[in-house]
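Have a look at the structure below before the remarks.
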Amino acid sequence: MAIQVQGTQFHLKGKHVSYIFSLYKERFLTHIYWGKRFESDCDLSYFPDEFIYSRANAVHVRLDETNHMFMSDLQLEFSVFGGGDYRLPTFHARYADGSTVSEFTYEGYRIMDGKPQLKGLPSTYDEGDAQTLEITFRDSRTGIRAVLLYTIFEEYDVITRSIRYENCGTERADILSAQSTTVDFYGQDYKMLTLEGDWLRERSMEWRKVGHNTMTVESRRGMSSHMCNPFIALAETNATENGGDVYGFSLVYSGNFAASAEGNSCGGTRVTMGINPFNFEYPLSPGEQFQTPEVVMVYSDTGLNGMSNRYHRIYRERLCKGIYRDAERPMLINNWEGTGTHFTKEKLAEIARGGKALGLELFVLDDGWFGKRNIAGSLGDWYVNRDLLPDGLEGIANETKALDMKFGLWIEPEMISPESELYRAHPDWCIHAEGRNRTLCRDQLVLDLTRAEVRDYVVDVICKVIRSADISYIKWDCNRNITETASMRQTHDFVMGLYDILDRITGAFPEILFEGCSGGGGRFDPGMLYYMPQTWTSDDTNPIRRLKIQHGTSVVYPPVTMTAHVGKIDVGKEGYNHFLNTCAMVAMAGNFGYEMDLSLLSEDELEQAREYVEMYREIRPTVQFGAFYRIESPFEGRFVSWEFVDDTRAVLFVYQTEKESNGAERKIKLSGLDPNANYRCRDRVYSGEALMKVGLRVPLQRYEYFADCYVMEKLEG
């Protein structure tokens, strides 16, 4: 059994990890342990009574008159406002009498095989490889019930947590904060990792020391955003890429979120994660339920890379879904960087033919094909511009299909342009606050997906577009955040409306590969990956800057979810183009493709580009589905290296971001190989043990841009 109950103690046990907590005094769910697997079934429920009771009554609150335990000493799994816990609560509500104090007591638990789907929300799923524990608490005065959900994926060493609130009382309660998880750690010898950034520099790794303060990463933009990713990791101060204890928290949600690490005066550290309480108030009427999004929690005793590999596997295999979950992703050519919105059918066909000549498998028509598209736009008018495409989408799709290529299309269904026919017919369909200005961003507004008629329109019109041609791929864009809202629950309801739309459209076309995009990587989060198994990682395709973006993204997200293209490059050079080479080597560390006008390349460069397509075709299974290792970091120096490993080969990418003359020897020690096997690389045979312990020598280069790829085929016998 992956879940064991011993008296008041609950033990979630994976192959290599244990998560233990206990019920204390029928009221408090106390956190005891999260770390390496306990092989024995020892009872640790005595831990809360082990504290030294030396707190001052004027500052700290006792649990009761007969007990010298103080609330500030308890390490909790679930916390509310009231009773003397002054740390960030898991749950905060305002009741009908105006009070915001809650008093929850334990009601019971149950264990279920499998994992229930969260109502209306994306989440990880099981295939007979998970167990779920439900623990129920109830506020007797108001009738509010909190059902804490814990799922353990034993083979993955992954725990998920969420909470369902049920109003079993007779009066409405207004939820002010509903976090998905609370974990109290002993001590403060930790550093917190966040993935920060902005447009063109998404998911930059940032470390901060935990102390007597609260550090919060959050989004208040209505979406997960370029600026912050819904993820944090808490690591021992001396933890490294490959050593030490690391604890990861990743929220499966695409809207406003908050994640905090709070160091308190008693020496502990509290982590909370969930929907951002900023501008949030959710009414819960009698008989109604509110489900929080899911937090995916990962522990690693082998450093940051160990944590990443566990996230990569669970997200590849138990979050992404559909036929493309396990299928190789196609190499594509996209017309956007080559033409923008100014194209003809003949130019599109020329780009598709150029892609076919390189060996690419998919042609994608980007923005500009619909309505009366210009800079001001006509978002919302999802009909074909016949001046540009006289034969409609079907015409260019058929020409692409005749090349034995698949056809893909860009759309942005969540948006509306004030100049559109849709806006003139329904000016109230955008998100707005009555009587206030409607802030324009990129000359567009956001459709109000909280309204059923708007969702029905989006589903109907987009399904018609998809059915109008043989479409194999959809790039779903979202180019602005939410500004004015009419209520304090609208941003959450918008996200729930988006999930409803995505569920209906992706469910209607399971054979189509959907790719997420949001001004680049502005909504690269687990919630979107549930519906779309890959995301455009960033609008920045400069390879040197992309190294940091893709490196940071890989902390949580597997390379197969990252779309990475060769974009704007220096063209027209004769001979070997080192910038083109670097662009390709960076792009080949994700889902590979080209985003340019290939007719600008010289014959030599076209041949060079063709060779990259053939190289990626060979290594694609390893890159997309192998284990990933970060060896050298772009955040630490001018050398970067990444490794992909499966049962058949290892692929090592090496990058040099500055010129180097007469530098020190560069030797790279690989990871994850079979120490008892031999590997062939460039006509030389190496033992796996030697490659991991001695390393592979990489020559330094005098070029401004340089990258290389070493493919090590595993030999039989």
- Query: V560: in contact with a strand residue (DSSP E or B) (Cβ under 9 Å, 6 or more places away or on another chain), of a type in the set (A, V, I, L, M) and either part of a loop (DSSP other than H, G, I, E, B) or farther than 28 Å from M415 by Cα (or both), yes or no?
  - Reply: no
- Message: Could you tell me how many of the residues in the stretch 534-570 are free of Cβ contacts under 8 Å to residues at least 40 places away in the same chain, open to solvent by 10 Å² or more (accessible area, probe 1.4 Å) and among the β-branched types (V, I, T)?
- Response: 1
- Return yes when Y710 is under 27 Å from R329 (Cβ atoms) and buried (at least 20 other Cβ atoms within 10 Å of the Cβ) and no when it is not. no
- Query: For R523, are the conditions met, namely being surrounded by fewer than 24 Cβ atoms within 10 Å (Cβ to Cβ), modelled with pLDDT of 95 or more and under 19 Å from R203 (Cα atoms)?
  - Reply: no
- Restricting the stretch 208-226 to residues that are in contact (Cβ under 8 Å) with a residue 60 or more places away in the chain and among the polar types (S, T, N, Q), the residue that is farthest from D540 (Cα to Cα): T214
- Query: For the stretch 159-209, list the strands (runs of 3 or more DSSP E) that sit wholly inside it and hold at least 1 residues that are over 27 Å from E50 (Cβ atoms) and modelled with pLDDT under 95; which are they?
  - Reply: none
- For H492: the one exception among (1) within 30 Å of N581 (Cβ to Cβ); (2) open to solvent by less than 20 Å² (accessible area, probe 1.4 Å); (3) within 19 Å of the chain's Cα centre (by Cα): (1)
- Item | Among the residues listed as D443, D448, D460, the single one being surrounded by fewer than 18 Cβ atoms within 10 Å (Cβ to Cβ) and closer than 30 Å to M227 by Cβ | D443
- In the stretch 368-398, anything farther than 18 Å from E421 by Cα and open to solvent by less than 40 Å² (accessible area, probe 1.4 Å) is listed as L389, G392, L393, G395, I396, A397
- Item | Exclusive hit being of a type outside the set (S, T, N, Q), at positive phi and open to solvent by 10 Å² or more (accessible area, probe 1.4 Å), set G244, G211 | G244
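Per-residue answers, yes or no, for (1) under 29 Å from G717 (Cα atoms); (2) surrounded by fewer than 21 Cβ atoms within 10 Å (Cβ to Cβ):
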position	(1), (2)
Y629	yes, no
E643	yes, no
R649	yes, yes
Y655	no, no
N662	no, yes
E665	no, yes
R680	yes, yes
- Query: Quick one: which of D139, D157 is of a type outside the set (F, W, Y) and touching a Gly at 6+ places or on another chain (Cβ under 7 Å)?
  - Reply: D157
- Among the candidates R620, R610, which residue alone is surrounded by fewer than 18 Cβ atoms within 10 Å (Cβ to Cβ), among the basic types (K, R) and assigned to a helix (DSSP H, G or I)? R610
- Which residues, taken from the stretch 87-143, are part of a loop (DSSP other than H, G, I, E, B), without any contact (Cβ under 8 Å) to a residue 24 or more places away in the chain and open to solvent by 60 Å² or more (accessible area, probe 1.4 Å)? D97, V101, Q117, G128
- Task: Mind listing just one residue for me: the one in the stretch 220-258 that is among the hydrophobic types (A, V, I, L, M, F, W, C) and either in contact with a Phe, Trp or Tyr (Cβ under 6 Å, 6 or more places away or on another chain) or part of a loop (DSSP other than H, G, I, E, B) (or both) and, of those, farthest from A178 (Cα to Cα)?
- Result: A239
- Message: Within the stretch 571-597, take every residue that is open to solvent by 10 Å² or more (accessible area, probe 1.4 Å) and in a helix (DSSP H, G or I) and give me the one that is nearest to V364 (Cα to Cα).
- Response: F579
- Message: Within the stretch 497-520, does at least one residue satisfy the condition of being among the hydroxyl-bearing types (S, T, Y), touching a Pro at 6+ places or on another chain (Cβ under 7 Å) and more than 18 Å from V364 (Cβ to Cβ)?
- Response: yes
- All but one of (1) under 26 Å from I544 (Cα atoms); (2) surrounded by 13 or more Cβ atoms within 10 Å (Cβ to Cβ) hold for L673; which doesn't? (1)
- Item | Given (1) at pLDDT 95 or above; (2) touching a strand residue (DSSP E or B) at 6+ places or on another chain (Cβ under 7 Å); (3) open to solvent by 10 Å² or more (accessible area, probe 1.4 Å), number of the condition G359 does not satisfy | (2)
- Message: Please go through the stretch 401-417 and give me each residue that is in a strand (DSSP E or B) and either open to solvent by less than 60 Å² (accessible area, probe 1.4 Å) or free of Cβ contacts under 8 Å to residues at least 12 places away in the same chain (or both), ordered by number.
- Response: F407, G408, L409, W410, I411, M415, I416
- Note on the structure: Here the residues within the stretch 1-28 that are open to solvent by less than 70 Å² (accessible area, probe 1.4 Å) and over 22 Å from D157 (Cα atoms) are T8, L23, Y24, F28
- Task: With respect to G268, determine if the residue is in contact (Cβ under 8 Å) with a residue 12 or more places away in the chain, over 27 Å from the mean Cα position of the chain (by Cα), open to solvent by 40 Å² or more (accessible area, probe 1.4 Å) and over 25 Å from L513 (Cα atoms).
- Result: no
- Task: Kindly indicate whether any position in the stretch 164-175 is within 30 Å of L547 (Cβ to Cβ), open to solvent by 40 Å² or more (accessible area, probe 1.4 Å) and not aromatic (F, W, Y).
- Result: no
- Do you know which residues across the stretch 521-557 are in contact with a strand residue (DSSP E or B) (Cβ under 7 Å, 6 or more places away or on another chain), part of a loop (DSSP other than H, G, I, E, B) and not basic (K, R)? F524, D525, M532, T537, S538, T541, S554, V555, V556
- Which listed residue, of E317, E337, E350, is acidic (D, E), assigned to a helix (DSSP H, G or I) and within 24 Å of G527 (Cα to Cα): E317
- Query: Can you name the residue in the stretch 29-49 that is within 24 Å of G268 (Cβ to Cβ) and modelled with pLDDT under 95 and, of all such residues, is most open to solvent (accessible area, probe 1.4 Å)?
  - Reply: Y46
- Query: What residue, of E202, E155, is open to solvent by 60 Å² or more (accessible area, probe 1.4 Å), acidic (D, E) and within 29 Å of E236 (Cβ to Cβ)?
  - Reply: E155
- Item | helices (runs of 4 or more DSSP H) wholly inside the stretch 418-517 that include at least 2 residues being within 25 Å of T563 (Cβ to Cβ) and either aromatic (F, W, Y) or out of contact with any Gly (no Cβ under 6 Å at 6 or more places or on another chain) (or both) | 452-467, 490-508
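The values are calculated or read from the model by the stated rules, or taken from the named source; none is laboratory data. As the structure is a computational prediction, the values presented were derived from the model and not from experiment. FYI the Cβ positions are ideal-geometry reconstructions off the backbone, even for glycines, and counts take in every protein chain you see. Ligands, DNA and RNA are stripped out before the accessible areas are found, and what is left, the full protein with its side chains, is counted by its heavy atoms. Shrake-Rupley method; radii C 1.70, N 1.55, O 1.52, S 1.80 Å.
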